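The structure appears right after this line, and notes come after that.
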Amino acid sequence: MSDEGYEQAFVQEAFDTNWIAPLGENVNKFEEELADLVNIDHAAALSSGTAAIHLALKDTGVDKGDIVLCQSLTFSATANPIIYQGAIPVFIDSDFATWNMDPVYLRKALEKYPQTKAVIVVHLYGLSAAIDEIQAICDEYGVTLIEDAAESLGTTYKDKATGTFGKYGIYSFNGNKIITTSGGGMLVSNDKEAIDKARFWATQSRDQARHYQHSELGYNYRMSNIVAGIGRGQLKILADRVKKKNEIYQFYKKELEAFEQVSFMPENEWNQPNFWLSCITLKGVAPEEIMDALAEDDIESRPIWKPMHMQPYFEEYDYFGDKVSQTLFETGVCLPSDTKMTDEDLERVVKIIKKVLAGD
């Protein structure tokens, strides 16, 4: 069956049973199947990865004025839910060895803010953070660890799925992720009570009563049965997507690693990335030169994420680091990495990049 065939079959089932939204068999099965895939006990299918982070913070007890430590090199969706809860973000730099949260600066931040309620680490671009060391530091300080694995479904750290080390893990199925439901996310945990509570909050905190009764503030965060059907179909081809992403990365590496101006994402023996995006950093060549040259041929590429501590909205908050994330932002390029790319597409991209690197 084709990729679309799996998805269409599950979506058709939703229509045939008249379970469109907000819940239904696809939602239940999607939760079960994803939990089985990453080997965790419980999962709640939600409207977005952002919603999942928000509910993880809420379940942790994060409230107005609390401190939450957050990786700086990420998309704003990681940090925004901290503000939703009225809490105070403190940003932590990355290291060059992982491109993710630097344990050294995590410890320094916890020394200054021992009252920290939660730490949000990100597995950027499918690269796992140094999660054992980060988890150990969080345990030492009695702080809850939340993993933003929005970009790393299919990535493993020492053969264990990212998103399953902390108390909570977050996955995203936004349109640009390795598998997509067009929008949606998943909150996972081995804590059944936490996931049950998240489902309750995500369904407008509707109490068990014949009439509509609400004793707590609720949210419209649940995933629809249609969207979950798409997700079930996408899960079936996740391994194929990871394989293709790896092939794309290896093609770029083979073609470009001879150029001294180019460095690739870090590779560590304990990490098997999903290579969601193939990213490079440049020396002696401005990223804009590569991106502009590609754009002239209608090929989209992007900079590395601009760190949160450099964002106008977040720049007032404390930051611990040594400008690693800033350096990655200022020198990095995310190359075209769509799994539909053909060999001809890849060769076209590489030809343009080589021309720029050669100064032609």
Taking A228, is it within 19 Å of the chain's Cα centre (by Cα), assigned to a helix (DSSP H, G or I) and of a type in the set (A, V, I, L, M, F, W, C)?
yes
Could you go through the range 101-114 and let me know if any residue there is in contact with a His (Cβ under 8 Å, 6 or more places away or on another chain) and either modelled with pLDDT of 95 or more or more than 22 Å from Y249 (Cβ to Cβ) (or both).
no
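Before we move on, is W276 aromatic (F, W, Y) and touching a Gly at 6+ places or on another chain (Cβ under 8 Å)?
The answer is yes for W276.
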Answer yes or no as to whether D66 is touching a Lys or Arg at 6+ places or on another chain (Cβ under 6 Å) and either assigned by TED's automatic domain parsing to the domain that holds K158 or more than 22 Å from V188 (Cα to Cα) (or both).
yes
Can you pull out the strands (runs of 3 or more DSSP E) entirely within the range 108-211 that have at least 3 residues that are of a type outside the set (S, T, Y) and in contact with an Asp or Glu (Cβ under 7 Å, 6 or more places away or on another chain)?
118-122
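Just to check your reading of the model, which residue among Y125, Y84 is surrounded by 24 or more Cβ atoms within 10 Å (Cβ to Cβ), farther than 17 Å from G166 by Cα and either assigned by TED's automatic domain parsing to the domain that holds T156 or in contact with a Gly (Cβ under 8 Å, 6 or more places away or on another chain) (or both)? Walk me through how you get there before you give the answer.
On the way: Y84 fails: surrounded by 24 or more Cβ atoms within 10 Å (Cβ to Cβ).
Only one candidate qualifies: Y125.
In this structure, is G229 in the same structural domain as N28 (by TED's automatic domain parsing), modelled with pLDDT under 95 and buried (at least 23 other Cβ atoms within 10 Å of the Cβ)?
Working: in the same structural domain as N28 (by TED's automatic domain parsing): yes; modelled with pLDDT under 95: yes; buried (at least 23 other Cβ atoms within 10 Å of the Cβ): yes.
So G229 passes the test.
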Looking only at the range 32-50, filter to residues that are polar (S, T, N, Q) and crowded, with 19+ Cβ neighbours inside 10 Å; which one of those is farthest from Y171 (Cα to Cα)?
S47
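I'd like the full set of residues that are surrounded by fewer than 24 Cβ atoms within 10 Å (Cβ to Cβ) and in contact with a Leu (Cβ under 7 Å, 6 or more places away or on another chain), limited to the range 128-137. Talk me through it step by step, then tell me what you get.
To start, the set of residues in the range 128-137 that are surrounded by fewer than 24 Cβ atoms within 10 Å (Cβ to Cβ) comprises 130, 132-133, 135-137.
Across the range 128-137, the qualifying residues are Q135, I137.
The rows are residues; the columns are (1) in contact (Cβ under 8 Å) with a residue 60 or more places away in the chain; (2) on the phi < 0 side of the Ramachandran plot.
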{"site": "G284", "(1), (2)": "no, no"}
{"site": "E300", "(1), (2)": "no, yes"}
{"site": "K306", "(1), (2)": "no, yes"}
{"site": "Y317", "(1), (2)": "yes, yes"}
{"site": "D322", "(1), (2)": "yes, yes"}
{"site": "G332", "(1), (2)": "no, yes"}
{"site": "E344", "(1), (2)": "no, yes"}
{"site": "D360", "(1), (2)": "no, yes"}
Restricting attention to the range 243-272, report how many residues are buried (at least 17 other Cβ atoms within 10 Å of the Cβ), in contact with a Phe, Trp or Tyr (Cβ under 7 Å, 6 or more places away or on another chain) and either aromatic (F, W, Y) or in a strand (DSSP E or B) (or both).
2
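The values are calculated or read from the model by the stated rules, or taken from the named source; none is laboratory data. Predicted model, so just to flag it, every value in this text is computed and none were measured. In this analysis, Cβ positions are derived from the backbone assuming ideal geometry, glycine residues included, and neighbour counts consider all displayed protein chains.
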